[in-house]
Amino acid sequence: MPAAAPAPGSVPALAALAAPARLESLKPACAEFHDLSHMPAPDAVLRHGGGLILIEQGMAGWDQLLLMLAVERPATAVIVLSDQLPAHMVRALSKLSAWDVLPVSASVGEIAEAALRLAEHHTAEAEKDEPGNSVCWAFRGAVGGAGVSTLAIESAFALARVVGPGKVCLVDLNLADGMTASFLEAVPKLDLAALSNAPERLDARLLAAWCWQHQDGVSIIAAPRNPEADAMAHEAAVLRLLDVACAAFPFVILDMPRHMMAWTKPVLSAVDQVIVVSELTVPSLHAAADMCRDIDVLRGEANKAHLVLNRMFKKQQFRAGFPVEKAEQAIERKIDITITSDWDAARTAVNLGRPIADVKPKSPLVTDVDRMVRQFAPEGLMVAAPPQKKEKKARR
């Protein structure tokens, strides 16, 4: 028995590449309808990938559209109208999150029935992408060159050593000229144009395509350097990126720019911890104190920013010159952590594209970062973590 005619507007949203007569017959059944017949395949993928798309075999560009969706937007739900689909197209369909094949003679009712079924499946999958109980820390420098990227990187890898590979994501939000990818010899895969044009299309599958994983188990999200990137990124795009990242990873570390962006305040309001990085100089301390006070107003007294002094000399050296206690009195604020400088180890690490702990595990910088991570981590995380076994030296 053929499917009954669908009620007007019963299909929430559908984009279709089909014959003109079929397009006209489908429009009344859809609350939102988009005709793809005059749209190049790359534009159709960018604007409608991740939604529900109908493709009729034989239409100009149908094969290119299907193949591009399978590669670039596998979270798309696709209905193909075909009486004899080639094997390589079937393989392309199998890469999609949801799909169906109907005969070319399918009625509007049958197409609407398949569309509603796939839409329900697609909605159920999207709900899985909602943010879970993740931990998100934002690192921000009080002054330029304070070593924020280094501390964000080392903190991400320190967490990964505790919680295991595949659970930590490092996001470089210095979109125009971030250094994270260069420091780790990572591939910057974030497509900022696609994200900004259609942030609602981002899901876990697309996020995975934009992640580059370091051999130590930390995933890196970074954009290629682009002087126009800051103008391209807007609040909805950045927040969607972080929402999906926090749904996909238990731990997310943000390397944030010092200068205020349109999305800075919403991000700082949402993260679990804000870590302000400074150096032990008078201008840096005053800048850090001002930044911390602004963040405290934004987040409230119960969620104050943490102040970290980076690039410190060994404790027995700096306390005689400019004690931390004196710095705290000057800015009327507690300094949570001090990180000892180890320039040689840091330089070697970035040249090799590895975290400092891999190059010089006994570096005082590594020890201090581990201490910082343990101090700021959720209660019980480090207690539950199994101790790392020390390698025994081979006997000669």
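The values are calculated or read from the model by the stated rules, or taken from the named source; none is laboratory data. All of these numbers come straight from a predicted model, not from anything done at the bench. Counting neighbours? That spans all protein chains shown, and the Cβs are built from the backbone with ideal geometry, glycine included. Surface accessibility is based on the protein's heavy atoms, side chains included, excluding ligands, DNA and RNA. Shrake-Rupley method; radii C 1.70, N 1.55, O 1.52, S 1.80 Å.
Looking only at region 218-228, how many residues end up being free of Cβ contacts under 8 Å to residues at least 60 places away in the same chain, surrounded by 15 or more Cβ atoms within 10 Å (Cβ to Cβ) and out of contact with any Gly (no Cβ under 8 Å at 6 or more places or on another chain)? Lay out the reasoning, then the answer.
If we filter region 218-228 for residues that are free of Cβ contacts under 8 Å to residues at least 60 places away in the same chain, which is where we start, we get 219-228.
If we keep only those that are surrounded by 15 or more Cβ atoms within 10 Å (Cβ to Cβ) too, we end up with 219-223, 225-226.
Still in the list and also out of contact with any Gly (no Cβ under 8 Å at 6 or more places or on another chain): 220-221, 226.
Final tally of qualifying residues: 3.
Going residue by residue through region 60-82, is there one that turns out to be surrounded by fewer than 16 Cβ atoms within 10 Å (Cβ to Cβ), without any contact (Cβ under 8 Å) to a residue 12 or more places away in the chain and of a type outside the set (A, V, I, L, M, F, W, C)?
Taking every residue of region 60-82 in turn, none turns out to be surrounded by fewer than 16 Cβ atoms within 10 Å (Cβ to Cβ), without any contact (Cβ under 8 Å) to a residue 12 or more places away in the chain and of a type outside the set (A, V, I, L, M, F, W, C).
Take the conditions more than 29 Å from His306 (Cα to Cα) and surrounded by fewer than 19 Cβ atoms within 10 Å (Cβ to Cβ) and apply them to Ala209. Does it pass? Show your work before the answer.
Details: more than 29 Å from His306 (Cα to Cα): yes; surrounded by fewer than 19 Cβ atoms within 10 Å (Cβ to Cβ): yes.
The answer is yes for Ala209.
With open to solvent by less than 70 Å² (accessible area, probe 1.4 Å), outside any helix (DSSP H, G or I) and modelled with pLDDT under 90 as the only criterion, which of Leu96, Leu118 stands out?
Among Leu96, Leu118, only Leu96 is open to solvent by less than 70 Å² (accessible area, probe 1.4 Å), outside any helix (DSSP H, G or I) and modelled with pLDDT under 90.
If you go through region 183-206 one residue at a time, do you hit one that is more than 22 Å from Gly49 (Cβ to Cβ), surrounded by 19 or more Cβ atoms within 10 Å (Cβ to Cβ) and of a type in the set (A, V, I, L, M)?
Yes; the residues of region 183-206 include at least one that is more than 22 Å from Gly49 (Cβ to Cβ), surrounded by 19 or more Cβ atoms within 10 Å (Cβ to Cβ) and of a type in the set (A, V, I, L, M).
All but one of (1) within 24 Å of Val168 (Cα to Cα); (2) at pLDDT 90 or above hold for Gly380; state the number of the condition that does not hold.
Going through the list (1) within 24 Å of Val168 (Cα to Cα); (2) at pLDDT 90 or above, Gly380 breaks only (2).
Test each condition in (1) in contact with a helix residue (DSSP H, G or I) (Cβ under 8 Å, 6 or more places away or on another chain); (2) closer than 15 Å to Gln57 by Cα; (3) loosely packed, with under 15 Cβ neighbours inside 10 Å for Leu17 and report the one that comes out false.
Only one criterion is unmet by Leu17, namely (3).
Go through region 161-174 residue by residue and tally those that are open to solvent by 10 Å² or more (accessible area, probe 1.4 Å) and either part of a helix (DSSP H, G or I) or closer than 16 Å to Arg354 by Cα (or both).
Selection size over region 161-174: 4.
Checking Ala3 against (1) modelled with pLDDT under 85; (2) of a type in the set (A, V, I, L, M, F, W, C); (3) open to solvent by 60 Å² or more (accessible area, probe 1.4 Å), only one condition comes out false. Which one?
Going through (1) modelled with pLDDT under 85; (2) of a type in the set (A, V, I, L, M, F, W, C); (3) open to solvent by 60 Å² or more (accessible area, probe 1.4 Å) one by one, Ala3 breaks only (3).
Just checking, how many residues over region 45-59 are open to solvent by 40 Å² or more (accessible area, probe 1.4 Å) and over 27 Å from Lys189 (Cβ atoms)? Show your work before the answer.
Within region 45-59, the first condition is being open to solvent by 40 Å² or more (accessible area, probe 1.4 Å), and the residues that meet it are 46-47, 57-59.
Going one step further and asking which of them are over 27 Å from Lys189 (Cβ atoms), we end up with 57-59.
Qualifying residue count for the region: 3.
Could you go through region 117-138 and let me know if any residue there is over 30 Å from Ile295 (Cβ atoms), of a type in the set (Gly, Ala, Ser) and in contact with a Lys or Arg (Cβ under 6 Å, 6 or more places away or on another chain).
No: zero hits.
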